[in-house]
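S.K.: Got a structure for you, questions after.
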Amino acid sequence: MQSWRSSRQAPRLPVVGSRAGGAVLAGLLLSLVIAPCGAALLASILSDAAYRGSSVYGGALLFVYGVGLSSPVNALGFTSTR
């Protein structure tokens, strides 16, 4: 018995220009969505790090924020097929 993945093909998205051009376009569109939502959280992370006066703590918070922010994009990239 074949699995559902092998029996059906995933729909193909339209390609815009080259691969690099499509990646830049996707990144620009994603930044339009993330910027308004993530700015308040980023400001609170930076102000907490400044209040505590520890650059190591601030760097750790920004690292965790970056991992959390990029995890949906990475999950989509790793699970999508060509």
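S.K.: Search the structure for amide H atoms under 5 Å from the amide H of SER54, placed 1.01 Å from N in the peptide plane, and list their residues when 5 or more places away or on another chain.
M.R.: Distant-sequence amide H within range of SER54: zero hits.
S.K.: Could you tell me which of rounded, prolate or oblate describes the range 36-82, using a ≥ b ≥ c as the square roots of the eigenvalues of the alpha-carbon gyration tensor, with rounded for a/c under 1.5 and, failing that, prolate when a/b is larger than b/c and oblate otherwise?
M.R.: Note, shape of the range 36-82 comes out oblate.
No lab work stands behind these numbers, since they all come straight from the coordinates. Quantities reported herein were computed from a predicted structural model and do not represent experimental measurements.
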